[in-house]
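Visitor: Provided herewith is a single structure, encoded as structure tokens, for subsequent inquiry.
FYI, it's all coordinate maths here, none of it is from the lab. Every value quoted in this text rests on a predicted model; they were computed, and no experiment measured them. Here the Cβ is made from the backbone with ideal geometry for all residues, glycine too, and neighbour counts use every protein chain on show.
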Amino acid sequence: VVVPAQGKKITLQNGKLNVPENPIIPYIEGDGIGVDVTPAMLKVVDAAVEKAYKGERKISWMEIYTGEKSTQVYGQDVWLPAETLDLIREYRVAIKGPLTTPVGGGIRSLNVALRQELDLYICLRPVRYYQGTPSPVKHPELTDMVIFRENSEDIYAGIEWKADSADAEKVIKFLREEMGVKKIRFPEHCGIGIKPCSEEGTKRLVRAAIEYAIANDRDSVTLVHKGNIMKFTEGAFKDWGYQLAREEFGGELIDGGPWLKVKNPNTGKEIVIKDVIADAFLQQIGLRPKLKY
């Protein structure tokens, strides 16, 4: 990896990014269409920065390696080198192109491996309507939400075993014989997985969502879950989320609960903390976007 002669590191101070006039930003070109779209992206971003800051600021790009290009630089089986992870940690902000899934054993997904190694526990997705875009929704302009998805736990932990494998059979046998599980409908040829859901993981995600709502003057934070089916994981996610809102943000019950209201210290407005079953959420965001999930 060649560090640019010009440029400075982005640093973290008191929990906030300190961005210099000429930040060094690592980038991963990526696989497949990455070789086409990433160079174009660099040009577009450079042009946008030039126009926005009238030449006073400029990004110094630094290429780092993951995926197929990494195997060419570091060796045949090195898909995610330690140097890449160290540089992302050191320079704080990085951007990547699409990555392939290595064939065979080892790393199942380079994207998941990056999240887990760097503890990138939040997938933040703003969802809004852009004027002029065709839409089947009657009032698409009312769609305006920001999704915080947990990236490190639940199914993203990637704990699973293939059907008919010795490990899958061992886990299924343990569940049936030692734990008394009788709900595995077809145990003979069955893949099996585990979805961990912790109090710590839940609370840091919900904390970040509420802090975002405060900083960006949002009306509500909605805990989306399947607690009606999985009470000790999905249901616990909901309960821990409400607990966090009460204990750290002074959440007060609305009409006896479980919904809460939190006061935005910046604006004095109320932020509603609520929950919804995932099925209903997926229906209502299209039919009733004005509810502002």
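Visitor: Among Gly193, Gly55, Gly67, which one shows the biggest mean-square fluctuation in a GNM of the chain, springs joining Cα atoms closer than 10 Å?
Guide: Of Gly193, Gly55, Gly67, the Gaussian network model singles out Gly55 as fluctuating most.
Visitor: Let me ask another. Collect residues whose amide H, placed 1.01 Å from N in the peptide plane, falls under 5 Å from the amide H of Leu99; neighbours closer than 5 in sequence don't count.
Guide: Excluding prolines and chain starts, which carry no amide H, the hits are Asp31.
Visitor: Pick from Ala157, Ala47, Ala113: which residue has the top mean-square fluctuation in a GNM of the chain where Cα pairs under 10 Å get a spring?
Guide: So, out of Ala157, Ala47, Ala113, the one fluctuating most is Ala47.
Visitor: So which of Lys43/Lys69; Lys138/Lys226; Lys231/Lys261; Lys43/Lys96 end up more than 18 Å apart, counting from Cα to Cα?
Guide: Check vs 18 Å cut-off fails for Lys43/Lys69; Lys138/Lys226; Lys231/Lys261.
Visitor: Filter the chymotrypsin sites (Phe, Trp or Tyr not before Pro) in segment 120-193 to those in DSSP coil with at most 10 other Cβ atoms within 10 Å of their Cβ, and list the result.
Guide: In loop regions of segment 120-193 (DSSP not H, G, I, E or B), the sparsely surrounded chymotrypsin sites (Phe, Trp or Tyr not before Pro) are Tyr130.
Visitor: Where the convex hull is taken over the Cα atoms of the chain, what is its projected area averaged over directions, in nm²?
Guide: The Cα convex hull of the chain, projected and averaged over all directions, gives 20.8 nm².
Visitor: Right, something else. What does the extension gain come out to for Asp164 and Val19, with contour length at 0.36 nm per residue minus their alpha carbon separation?
Guide: Taking 0.36 nm per residue and subtracting the Cα distance, the gain is 47.0 nm.
Visitor: Restricting the count to DSSP beta bridges whose residues both fall in the chain, what percent are antiparallel, rounded to a multiple of 5?
Guide: 60 percent
Visitor: Would you please name the chymotrypsin sites (Phe, Trp or Tyr not before Pro) within segment 190-269 that are DSSP coil residues with at most 14 other C-beta atoms within 10 Å of their C-beta?
Guide: Answer by residue number: Phe232.
Visitor: What does the net charge come to around Ile277 if you take all other residues with beta carbon closer than 15 Å to its beta carbon, with K and R at +1 and D and E at -1?
Guide: Its environment carries a net charge of +1.
Visitor: Work out from phi, with θ = phi - 60° and the Karplus expression 6.51 cos²θ - 1.76 cosθ + 1.60, the ³J(HN,Hα) of each residue of segment 132-141, listed in order in whole Hz, and give x for Gly and Pro.
Guide: x, 7, x, 8, x, 6, 5, 10, x, 5
Visitor: On a straight-distance basis, which aspartates and glutamates could pair with Lys238 in a cross-link, Cα separation under 14 angstrom, same-chain partners fewer than 8 positions away excluded?
Guide: Glu150, Asp154, Glu199, Glu200, Asp275
Visitor: Regarding segment 154-196, what are the three Cα extents along the principal axes, ordered largest first, in Å?
Guide: 26, 20, 16
Visitor: Where is the GNM fluctuation largest for the chain (alpha-carbon springs, 10 angstrom cutoff): Ala94, Ala209, Ala163?
Guide: Residue with maximal mean-square fluctuation among Ala94, Ala209, Ala163: Ala163.
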